[in-house]
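Comments concern the structure below.
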Amino acid sequence: MTEFVDGWIFGHTLGEGAYGEVKLVINKSTGEAVAMKMVDLEKHPDARQTVQKETTIHRMLSDPNIIQYFGKRSEPTMEYIFLEYASGGELFDRIEPDIGMPAWEAQKYIRQLMSAVEYLHTKGVAHRDLKPENLLLDENDNLKVSDFGLATIYRLQGKERCLERRCGTLPYVAPEVLTRPYHAEAADIWSCGIILVALLAGELPWDQSSAECPEYMAWRSGKYMSLTPWKKLDNSSLSLIKNVLTHSPSARYTIQDIKRHRWFIKKFQKAGNMEGCIRPDETDSRQMLEDENLTRFCLSQPELLGMENTNAAQINLEERPGFSFSQPAHIEDLLLCTQVQNKQFTQPSQQNTFQRLVRRMTRFFVKTELQMTVKRLVNCLESENYTYRINDCGTITVQSMDRRKMPLVFKANIVEMDGKILVDFRLSKGCGIEFKRRFVKVKSVLQDIILKGPVTWPIAVATECIP
């Protein structure tokens, strides 16, 4: 791996996680880019075995809808995992809070997700943490399943075993995972059903699929149609979701069942404000659903099961929990770039320094100067009772609790470039949909200083501040 590393320069941080960071790495000669996942063994000495399992499984896989694994490098205090750079960002960034996305777009991503999950299951691999934050997009807007840290092999040489580890992200976890040994395929399919709800409705249906959750029990009893999220959905999508989110794993739709459902095979049209919408088909009585009650409840997600939960005020930001692969759009669209030379970060050559900005949904330019921008943003955070801290590089780290009383951490980077001020938000920990909801609220408060209309994305210098 030495030759692989030599001649490559570090780009900006793509994401942060419980064990370290994910950084962009660029070949100086060819411009090729890869994502490098860094696992700090000094802080997490037990992580080496986890990395070994993750990489062993990942190297088994080769599919267009799964992030490609290139290799790893081991050092006494650090593990480096080299992965395909998914330049389109995270799927959750395409979901509008409380709205979702057009049906044609959701169908596209669900089709690709089903293809990837079907491939995993043919290999005897269960992902066990499928959610929009772990689904990336490439430069052609194709879905890529990522983060195999909780994946496991459930079938080997034709012999299948039931799984016992209770893991995943609670709102996406199948009910049987919480109570007893479970079948891997049905549990992954359940998570796909929750993802479909998030794509179409812009929210999650319940805290967890257990008897302690009244919203889930209302779903089980069939009282689910009067209120959100279900009233947002047409009969065809509700029919599919009802068959996927079936409590009994043996009665749950298989991937083949999903692929035969009319919502999955229907050709959606993109048309004006109603693009992707379909109307209930009153001639198909088999797929008409009853109109009953469902109470609305909290919309975000918790920590992985088995990990200790902490209050927001106690979050250790140096631990950087929860990988978030927020990535720019193209190799030529890199925002921040630094170069390592003898352990000193220096400004890269002009060719690598002048880069175009990515068109990501969680950033905007403002009219105000740097200090006034910081002041306005801080005032907004204080009015919302956020806990925050500011470093010398213009990064504001915000700590809060989401609607489920789970930690939510995000960062606002304030960058001066080409005579303009850019405010760039990135999720560090917590629910992607809830993060987008907070971003939309902050943006609405700052509307009077945000540059309106089409933005000319400038060619400009922006170097990363290294602590």
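Taking the stretch 373-408, which residues are open to solvent by 50 Å² or more (accessible area, probe 1.4 Å) and not in a helix (DSSP H, G or I)?
Listed by number, the residues that qualify are 384, 385, 387, 388, 389, 390, 391, 392, 401, 403, 405.
Within the stretch 138-170, restricting attention to residues that are touching a Ser or Thr at 6+ places or on another chain (Cβ under 8 Å) and open to solvent by less than 60 Å² (accessible area, probe 1.4 Å), the residue that is nearest to residue 46 (Cα to Cα) is 149. Does the stretch 20-43 include one or more residues that are open to solvent by 50 Å² or more (accessible area, probe 1.4 Å), outside any loop (DSSP other than H, G, I, E, B) and over 21 Å from residue 133 (Cβ atoms)? Checked the stretch 20-43: no residue is open to solvent by 50 Å² or more (accessible area, probe 1.4 Å), outside any loop (DSSP other than H, G, I, E, B) and over 21 Å from residue 133 (Cβ atoms). Restricting the search to helices (runs of 4 or more DSSP H) fully inside the stretch 207-282 and requiring at least 1 residues that are modelled with pLDDT of 95 or more and among the acidic types (Asp, Glu) gives 255-260.
Here the stretch 423-450 is the region considered, the condition is being at pLDDT 90 or above and farther than 24 Å from residue 199 by Cβ, and the residue that is most open to solvent (accessible area, probe 1.4 Å) is 448. If the condition is being open to solvent by 50 Å² or more (accessible area, probe 1.4 Å) and closer than 13 Å to residue 136 by Cα, then the stretch 91-102 contributes only 94.
The residue pairs whose first member lies in the stretch 424-453 and is in contact (Cβ under 8 Å) with a residue 40 or more places away in the chain, whose second member is assigned to a helix (DSSP H, G or I) and among the polar types (S, T, N, Q), and whose beta carbons are closer than 9 Å, counting only pairs six or more residues apart or on different chains, are 445/379; 445/383; 446/373; 449/373. Residue 105 meets all of the listed conditions (1) surrounded by fewer than 22 Cβ atoms within 10 Å (Cβ to Cβ); (2) modelled with pLDDT of 95 or more; (3) out of contact with any Gly (no Cβ under 7 Å at 6 or more places or on another chain) but one, namely (3). Test residue 116 against the criterion of being within 30 Å of residue 412 (Cα to Cα) and part of a helix (DSSP H, G or I), and give yes or no. No; evaluated as a whole, the condition is false for this residue. Residues in the stretch 64-80 that are within 18 Å of residue 127 (Cα to Cα) and assigned to a strand (DSSP E or B): 66, 69.
Which of the following residues is basic (Lys, Arg) and modelled with pLDDT under 80: 376, 359? Just one listed residue meets the conditions, 359. Of the residues screened, residue 147 is one that is among the charged types (D, E, K, R), part of a loop (DSSP other than H, G, I, E, B), touching a residue at least 40 places away in the same chain (Cβ under 8 Å) and within 30 Å of residue 82 (Cα to Cα).
The values are calculated or read from the model by the stated rules, or taken from the named source; none is laboratory data. Small disclaimer: the values here were computed from a predicted structure and weren't measured. Glycine gets a Cβ as well: all are built from the backbone with ideal geometry, and neighbour counts include every protein chain shown. Please note that ligands, DNA and RNA were not included when accessible areas were found on the heavy atoms of the full protein model with its side chains. Shrake-Rupley method; radii C 1.70, N 1.55, O 1.52, S 1.80 Å.
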